[in-house]
Amino acid sequence: MLAKRIIPCLDVKDGQTVKGTNFVNLRHAGDPVELGRAYSECGADELVFLDITASHEGRKTFATMVERVAATLSIPFTVGGGINEISDVDRMLSAGADKVSINSAALRRPELIDEITRHYGSQVCVVAIDARQEADGTWQCYVNGGRVPVGKSLFDWAHEAQERGAGEILFTSMNHDGVKNGFANEALRQLADNLTIPIIASGGAGKMEHFRDAFLHGHVDAALAASVFHFGEIGIPQLKQYLKGENINVRL
Amino acid sequence: MNVAIVDYHAGNIYSVIHALERLGVNPILTDDAEKISKADKVLFPGQGEAHQAMQYLRQHKLDEVICSLKQPILGICIGQQLMCRYSEEGNTQCLGIFDIDVKRFQPQRHEDKVPHMGWNSLTDTQTPLFKGFTGDEFVYFVHSFYVPQCPWTIATTHYITPFSAALQRNNFYATQFHPEKSGSVGEKILQNFLNL
């Protein structure tokens, strides 16, 4: 049976991971390559490296880092941040990434999804969506790190992304992100039950039960988190043992 | 050890090269018939579309080279599918090493998403390629077409239907999954292959 996936997300700035970590035995705790390897060895199913660098120089550093990750890591990994056109995708895949995650650029120019899919196949294209549930109950998409609303509903945009060939949807609920009170399971379930491509839950992980609920009630295929893993609040081996005990199929 | 990777411009093969390098092998990437024939071990990886891939192999006479090999060769992903008789993808006549047809997954329920992507388990593993396996192993798949179970099946995975996760006939080995992306389990399979 296909396993549910657990995906740590690493924010990278100027070639270094941004958030602190509790990983011991790392010579350079800020080195994304060593951190990625540590996650791989403790059972992460995939990794996401998000480039939050603004400068052009920093972007070059990121590409070099991707090459080092590809040489070191033997599990799939996705890169995101600053991917605006097909040449950016080409550069990341040439450096050895398995998938790219696109966010604001796809909302600004949805054809980017078609282009990536046509060139490299659906499985390469992860469409990340940041959305907020407004006071009227609707879910609205935001760009530029969640600062600017674009007047598109989460469900309409996710459906359009699928029709254009996206391989997966990575949905971050801005209401839940950072609150550590669980994932946006109702919205996730609506996505998972209506789309035919895998859904990755993001935003809200605080306890192991939250992952269980995302799989059981949110019907997602994968769950992504950052700080609970980086700070060692939840260990991936313990999380996977727990999920297995809850009858969720995971890779041990 | 002299290891050749068949170069036929089918997707990103850097992860295969890196995986072999981590095992202490420096493979050569080549479409040269002589270099491939003289290698101790040959890898035939790739992603992409079957029809275009076969066209490239025929144009460069690599189809004849692959079929004539006597040393162990390992097809990966589209490599496994191309080693079969025929693929529904692009209505393609393939190499015919395994006398079986490649089919497209037909979803039966909403949960049956295509492509089959992610970690799935191997059962009924046979041959030295899976030496040391206990039956609990997961490997990484990304594919929309599959090889049904057949007399050459040496590992089975269940997704929509039971299918051939790996095949073997004489010196010809193939996996539908990506050992180069399957963590320590994949490393063990590649090492087992190098040990053949």
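Each reported figure results from applying straightforward, stated rules to the coordinates on display, with no laboratory input. Predicted model, so just to flag it, every value in this text is computed and none were measured. Quick reminder, even Gly has a Cβ in these numbers, built from the backbone with ideal geometry, and neighbours come from all protein chains shown.
Observations on the structure shown:
- Each of A:134, A:41 was scored by other Cβ atoms within 10 Å of its Cβ. Listed from fewest to most, they are A:134, A:41.
- Partner shielding of B:113-123 amounts to 6, given as the average count of beta-carbon atoms from other chains within 10 Å of each residue beta-carbon.
- Square roots of 5 times each gyration tensor eigenvalue, C-alpha, the stretch A:1-122, largest first, Å: 24, 18, 12
- Projected label distance in nm at residue B:109 and residue A:231, using a 7 Å step from Cα toward the beta-carbon: 3.8
- The stretch B:1-96: relative contact order as a whole-number percent, Cα under 8 Å and 6+ apart: 29
- The protection proxy used here, the mean number of other Cβ atoms lying within 10 Å of each residue, ranks peptides B:70-83, A:180-193, A:146-159, B:53-66 as follows, highest first: B:70-83, A:180-193, B:53-66, A:146-159.
- Antiparallel beta bridges, as assigned by DSSP with both residues in chain A, represent about 20 percent of the total such bridges.
- Per-residue ellipticity at 222 nm computed for chain A from its helices equals -11000 deg cm²/dmol, with DSSP H segments shorter than 4 residues left out and the rest contributing -39,500 (n - 2.57).
- Put simply, the Cα atoms of the stretch B:3-195 extend 48, 37, 28 Å along their principal axes, the longest span coming first.
- Kirkwood Rh in Å, taken over all unlike Cα pairs in the stretch A:5-245: 17.9
- Estimated FRET transfer efficiency when R0 is 22 angstrom, pair residue B:70-residue B:133 (beta carbons, to 0.05): 0.25
- Cβ-defined net charge surrounding residue B:111, 14 Å radius [Lys, Arg +1; Asp, Glu -1]: +1
- Near residue A:108, once Lys and Arg are set to +1 and Asp and Glu to -1 for all other residues with Cβ below 12 Å from its Cβ, the sum equals 0.
- When A:196, A:172, B:156 are arranged by Cβ crowding within 10 Å, least crowded first, meaning fewest neighbours, the order is A:196, B:156, A:172.
- P(r) tail fraction, the stretch B:1-97 - alpha-carbon pairs more than 17 Å apart, %: 45
- Reachable lysines, given that their alpha-carbon falls under 20 Å from the alpha-carbon of residue A:180 and they are not under 8 places away in the same chain: A:19, A:207, A:240
- Taking every alpha-carbon pair in the protein assembly as shown and binning the separations at 10 Å intervals from zero gives 4, 21, 32, 26, 13, 3, 0 percent.
- Over the stretch A:111-252, equivalent-ellipsoid semi-axes from the Cα gyration tensor in Å: 25, 18, 14
- Helices in chain B, meaning DSSP H runs of at least 4 residues, each add -39500 (n - 2.57). Divided by all residues, the mean residue ellipticity at 222 nm is -7000 deg cm²/dmol.
- As a length-normalised measure over Cα pairs under 8 Å and 6 or more apart, the relative contact order of the stretch B:3-195 settles at 19 percent.
- In percent, rounded to a whole number, the relative contact order of chain A is 18, using alpha-carbon pairs under 8 Å and six or more apart.
- Antiparallel bridges, percent of DSSP beta bridges restricted to the protein assembly as shown (to nearest 5): 40
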